[in-house]
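No lab work stands behind these numbers, since they all come straight from the coordinates. All figures in this text were calculated on a predicted structure; none of them were measured in a lab.
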Amino acid sequence: MGRGYIVQDDVEGYLSKLCEQKADPVTGLLIGQSSTQRDFVVMAIRTPQKEESAAAARNSVDKEWVTEHARQVSRMLPGGLSVVGVFIITDADAKDALTTLRQLLYAVENLISSEHLWDPADDDVTDCVTLHINPKTRKTVCRTFDIKDPKSVAKPADWKYQSGLCSSWATVSCSLNVDMLLPLPNNRTSTGNMEECLKEGLKAWAHQIESGLCLIDGKRLPEDSELTVGQRRNVRQTYTAQLLITTENKRLTDVIEQCGGSVSVTGVIHSRAYLHSNKPKARLAEKLLKRDVVSTVATRVQMMLEELLASDQESKGSCRDKQQKELFCLPHRIFCPLKVSGPLCVCDYQFSDEGLSEVTERLKEMLDIDAAEEDLDTRQEMTFEITGCDITPEPTQEKVEAPEHKKNYIGVAMATVVALLATAASMLYLNDI
């Protein structure tokens, strides 16, 4: 028996409108949450049109364009929401459409998973969905592929619409104080060297987050316990979590590492995860929240790196012989509620020199969402104002781990502390050695 997808009924209306457009083919992404029992689709997003003539785009699918769009969309999804499949609207032969969908699905998954800094879990669902809609007959063909198996064959799946799908989904959120030091390579002439070095440093930090202790509403819940047990059905549930990181998870051996500089990332981030209403387990809440913590920090570091590399190209001729310490303000996270009944939001990242209008423009371009500035939730992370910058030279960085101490937990302990810490924004210090 194939998998069954329960789909928010707003998706049906969205896809119907796309069927009425004259463009052929129309491709896009399916956003939702997969679990071992059920799969949910809460949103469909068409691929943005390229700036080229309609005639050139007709009857062709640009795989690179679709996959890059998927990568950008993936960055804008909080914990619990992910790209679970792709769709195509075309009157082409069903067999040809399925071949195209299969190619898109694997390309999208390969690119998105390449940015993941966490290890796959045993309960991760590896089946993803493809949807082919004929715009003339409105016939819908739903198939799934195991994206971890390159030789996977298409399997039939059910596709059923339901109203109020997200109305009783649970929200788990936390604020976390981030303070980490990432080494930079001696040779920074290569962009690849920079990215790989930062990624390895982020991976080490991600492992600390993964192995940290998660408290939900102040309690350590058994992994298999139902998160919403004892709660009334069809009532929105919200939980506050705390992530406690132990010093035991750090390397216990003394290590001295020669590097060409370092990136210090400090500040407070807001993280959240959404959970389906089909008896979600505490283990799922912890996994999705931790992955969102890792993803939101890594996304911001990557965005800043892209900005720095772009500005570095513009000022290639400038002299940077002096040792220096530069201060940058990482973008802060802004949430935008989906126009469905329930708590679901998407997010974007706003740099300090950007206005809210630029955020709404990106939401329209990337997610096809019409959002007003007053719809945006800007309260979760505060903007930091830079009043000065220390450019005092620093000595070569040496990373030396202290001897093992008794277990100490580092984390946010009280809601009042979270409120105070939230006045700090994520910062990035780039030290040239």
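Take the alpha carbon atoms of segment 138-213, find their center, do the same for segment 62-96, and report the distance between the two centers in whole angstrom.
Segment 138-213 and segment 62-96 have Cα centres separated by 15 Å.
Over segment 331-382, what is the relative contact order in whole percent, taking alpha-carbon pairs under 8 Å and six or more residues apart? Write down the numbers at each step before the final one.
On the way: 65 pairs, mean separation 21.6, N = 52.
Value for segment 331-382: 42 percent.
Give me the orientation-averaged projected area of the Cα convex hull of segment 119-163, in nm², one decimal. Before the final figure, lay out the partial values.
On the way: hull surface 20.3 nm².
Dividing the Cα hull surface by four gives the mean projection, 5.1 nm².
Between segment 11-30 and segment 258-310, what is the separation of their alpha carbon centroids in Å?
First find each Cα centre; the distance between them is then 32 Å.
Amide H neighbours of A241 under 5 Å, at least 5 residues apart or on other chains, H built in the peptide plane: list them.
S173, C174, D217
Which whole-Hz ³J(HN,Hα) couplings does segment 122-139 yield from phi under the Karplus relation 6.51 cos²θ - 1.76 cosθ + 1.60, θ = phi - 60°, glycine and proline marked x?
4, 8, 5, 7, 9, 7, 10, 10, 10, 9, 10, 10, 7, x, 8, 8, 6, 5
Kirkwood hydrodynamic radius of segment 106-200 from all distinct Cα pairs, in Å? Write down the numbers at each step before the final one.
Values: mean 1/r = 0.0544 Å⁻¹.
For segment 106-200, the Kirkwood estimate is 18.4 Å.
From the backbone phi of segment 365-374, what are the Karplus-calculated ³J(HN,Hα) couplings (6.51 cos²θ - 1.76 cosθ + 1.60, θ = phi - 60°) in whole Hz, Gly and Pro given as x?
The phi angles translate into 5, 8, 10, 6, 10, 8, 10, 8, 4, 6 Hz.
Could you work out how much longer the chain between T246 and D368 gets when fully extended? Use 0.36 nm per residue separation minus the Cα distance between them, nm to one decimal.
So the extension gain works out to 39.8 nm.
Using θ = phi - 60° and the Karplus relation 6.51 cos²θ - 1.76 cosθ + 1.60, list the HN-Hα couplings for segment 82-93 in order, rounded to whole Hz, with x at every Gly or Pro.
8, 6, 9, x, 9, 10, 9, 10, 7, 9, 5, 4
Would you mind checking which residues have amide H under 5 Å from L182's amide H? H placed 1.01 Å from N; only 5 or more apart, or other chain.
V263, S264, V265
Looking at segment 331-382 from every direction and averaging, what is the projected area of its Cα convex hull in nm²?
Working: hull surface 13.8 nm².
Result: 3.5 nm².
Amide H of V340: which non-local residues (sequence gap of 5 or more, or other chain) have their own amide H closer than 5 Å, using H built in the peptide plane?
Residues meeting the amide H criterion: none.
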